[in-house]
There are 2 protein chains.
Amino acid sequence: MSRNLHIAIVGATGAVGIELLRVMERRSFPVSKLTLLASARSAGKKLEFRGEMHEVRELREDSFAGVDVALFSAGGGISKTFAPHAVSAGAVVVDNSSAFRMDPQVPLVVPEVNGADVAGHRGIIANPNCTTAITLMALWPLHREFGVTRIFASSYQAVSGTGAQAIEELRKQVEATVKGEPLVREVYPHQIAFNVLPQVDSFLETGYTKEEMKMQNEGRRIMHHEGFRASVTCVRVPVYRAHSIAVSAEFERPVSLEAARRVLSAAPGLRVTDDPVAKVYPMPLDCAGEDDCRVGRLRLDCALENGLSFWVSGDQLLKGAALNAIQIAELL
Amino acid sequence: MSRNLHIAIVGATGAVGIELLRVMERRSFPVSKLTLLASARSAGKKLEFRGEMHEVRELREDSFAGVDVALFSAGGGISKTFAPHAVSAGAVVVDNSSAFRMDPQVPLVVPEVNGADVAGHRGIIANPNCTTAITLMALWPLHREFGVTRIFASSYQAVSGTGAQAIEELRKQVEATVKGEPLVREVYPHQIAFNVLPQVDSFLETGYTKEEMKMQNEGRRIMHHEGFRASVTCVRVPVYRAHSIAVSAEFERPVSLEAARRVLSAAPGLRVTDDPVAKVYPMPLDCAGEDDCRVGRLRLDCALENGLSFWVSGDQLLKGAALNAIQIAELL
């Protein structure tokens, strides 16, 4: 679309909602009108966009009149209830929740991987899980070169993935620790400051969490690779806003470090940050606020025949959410 | 040895040294005389043991006269230089550094796994790497039941593994963040507060760190299993004193969750902490100060034929260092 668009943001006051505004500003996204929507609790708040204040309104079924693109980031329940209303009103929905990701009618898109899939949408396009999207930024170029069969991965996920309240909970727990005051837990079931929680999302019968299986389930759809397998442990760590993932990947074809470096260096949206002897490797603190993901710690895997180990970090709120959503909107 | 012993601690003022004193107190270790040794810088400090203050003396070649057991925890260089003097003086050395771990003349021992190896010592017994010891507490019972072939693992390592100065560095960085003051880095090359560092120990030519290869190299020796392979990513996280490891393990024989739970529940020094739906799983905060390691997040691995995924946490200063060393001394 070359014309200016009427954009709606559902969940405008959340951590991702705020980032959507900043990303549209940075990328000069063509906005003619902006409709900010949230729960009744947040209605009346004002948010700045391109120097002007915009009032947040309560999300309702009739909120989408005239909207061209509706960016949803308010949880799966809200998306399931309100996305159909947005589509009925003529909007294209880019949904950041997990509500439609496995719906075969809904393209699930990382623009650098399967941007062409956007063309098949019927009103809704799904934005992938943050850990999956960040991992695929490095795995996809490697897959094209060597043919991935399976991965073993562990995540180091920032509290931003849980939302603005979780960022505040970590900040408050740390402050209470320093002041010697009692720690308050409201968002996470256990203390997150100075701890790691081997649970992200709820548990399935298999013992994996939903979050852990997203890597395999969403990875298969995004890479169009039905045989892809992924065994993942997702872990919340006391980091504010960028995720990291340690990956051992097995491939069909022999892997060389030279070829791996070549395809990763050429990949859009990815920076090879890999000079370990100089202590240069991706770290979440360096990726916070950055559009590009970073990959490093490249090495031939010592427990796989055709295997590569690597470490990838990326801003959870950007490539893991808002940036990817805006990139999808740009493809429309 | 049933008689009371003259014990020397080399590196008495370090994080592990202090824990050695506490562990000997708790376990009523039979001490007749205590010699506390450290660098000249720490000489003159006084440390409490069983209600009495003991002065720390400067480590010298002639520090070991009359010593029965010398517990070394002052780094590989100190061990290489001074352990031979302790042995010459008639002491048995239990060495917590990596100096002798791969020496075929030196038993490398986790008492719950290969305690019998202690018998073959020639004056020095090596205490394993902390991450390896904690992982093996869960892997060994599974290996005996199913026959492990290889593992893929990622660690979440506390700053205690680096020493007392690193604990202080994390505390100071967090305090500076809360107060809005500039952060100081002295121990780690990068900020550790609110960050994760994908580097523990120095890098090898292969791209793995020395720490990462200890799992395979030390694991082979401790389990007497030359074919064991381990691809590991070791990561420092802003946690004070317990390590956690996410493991995907492949076995020769079919794995069942029932059998896995049975052998893990029967394993000494290990607690099965695994009721994920009730949000019960091992966490470093719960393991800090505990002798037992904890294992949980048990699940059949979705990317391996005979595979099990699990998550193990343990106190780095206890099972990962001081407790294991005292258990070795108890075997003597």
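A compact table of results
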| item | result |
| --- | --- |
| 10 Å Cβ neighbours from other chains, averaged over peptide A:204-212 | 4 |
| Under 5 Å, built H, 5+ apart or other chain: amide partners of B:Cys302 | none |
| Between 0 and 90°, nearest 10: helix B:130-146 axis offset from chain B longest Cα axis | 40 degrees |
| Relative contact order (percent, whole number), chain B, Cα cutoff 8 Å, 6+ residue spacing | 18 percent |
| Distance between region B:1-38 and region A:1-64 - C-alpha centres, whole angstrom | 64 Å |
| Rounded tilt (10° steps) of A:15-26 against the dominant C-alpha axis of chain A | 90 degrees |
| Residue-by-residue Karplus 3J(HN,Hα) for region B:61-75, coefficients 6.51, -1.76, 1.60, Hz, glycine and proline x | 4, 9, 7, 10, 4, x, 6, 8, 10, 10, 9, 9, 8, 9, x |
| Residue-wise HN-Hα coupling along region B:41-50, computed from phi with Karplus coefficients 6.51, -1.76, 1.60 (Hz; x: Gly, Pro) | 4, 9, 4, x, 4, 10, 10, 8, 9, 6 |
| Residue-averaged 222 nm ellipticity for chain B, from DSSP H runs of 4+ at -39500 (n - 2.57), nearest 500 | -9000 deg cm²/dmol |
| Antiparallel bridge percentage (DSSP; both residues within the protein assembly as shown; nearest 5) | 50 percent |
| Cα-based Rg and Dmax for region A:12-86, where Dmax is the largest Cα-Cα distance (Å) | 11.9, 33 |
| Distant-in-sequence amide H partners of A:Phe49 (H built 1.01 Å from N, under 5 Å) | A:His54 |
| Stokes-Einstein D in µm²/s, Kirkwood radius over Cα pairs - region A:1-152 at 10 °C with 1.306 mPa s viscosity | 97 µm²/s |
| Principal-axis tilt of helix A:76-88 within chain A, Cα atoms, nearest 10 degrees | 60 degrees |
| Gyration tensor (alpha-carbon) shape descriptor, region B:200-252, a/c threshold 1.5 | oblate |
| Accessible surface, per residue, of the protein assembly as shown when the full set of protein chains is kept, probe 1.4 Å, Å² | 37 Å² |
| Karplus (6.51, -1.76, 1.60) ³J(HN,Hα), θ = phi - 60°, over region A:198-212, in Hz, Gly and Pro reported as x | x, 8, 10, 6, 8, 8, 9, 3, 5, x, 6, 8, 4, 4, 5 |
| Which listed pairs, of B:Lys46/B:Lys319; B:Lys210/B:Lys319; A:Lys214/A:Lys279; B:Lys80/B:Lys210, have C-alpha distances above 23 Å, in listed order | B:Lys46/B:Lys319; A:Lys214/A:Lys279 |
| Mean Cβ neighbour count within 10 Å, used as a protection proxy, ranking B:49-58, B:221-230 highest first | B:221-230, B:49-58 |
| Shielding of B:309-319 by partner chains, average beta-carbon count, 10 Å | 2 |
| Computed magnitude of the charge dipole of the protein assembly as shown (debye, nearest 20; Cβ of K, R +1, Cβ of D, E -1) | 360 debye |
| Whether the protein assembly as shown is rounded, prolate or oblate, judged on the alpha carbon gyration tensor where a/c under 1.5 counts as rounded | prolate |
| Residue-count net charge about A:Val56 - beta-carbon cut-off 9 Å; Lys, Arg +1, Asp, Glu -1 | +1 |
| Distance between region B:84-161 and region B:257-282 - C-alpha centres, whole angstrom | 23 Å |
| Cα-based shape type of region A:182-332, given that a ≥ b ≥ c are square roots of the gyration tensor eigenvalues and the cut on a/c is 1.5 | rounded |
| Residues with amide H under 5 Å from that of A:Arg236, placed H, sequence gap 5 or more | A:Gln157, A:Leu197, A:Gln199 |
| Per-q log10 I(q)/I(0), region B:96-183, q = 0.12, 0.16, 0.19 Å⁻¹ (Debye; single scatterer per alpha-carbon; no solvent) | -0.56, -0.80, -0.96 |
| For residues of B:173-183, the mean tally of beta carbons on other chains within 10 Å | 2 |
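The values are calculated or read from the model by the stated rules, or taken from the named source; none is laboratory data. These numbers were taken from a predicted model, which means no experiment stands behind them. Heads up, the Cβs are rebuilt from the backbone with ideal geometry, glycines too, and the neighbour counts pull from every protein chain shown. Heavy atoms of the whole protein, side chains included, go into the accessibility calculation; ligands, DNA and RNA do not. Shrake-Rupley method; radii C 1.70, N 1.55, O 1.52, S 1.80 Å.
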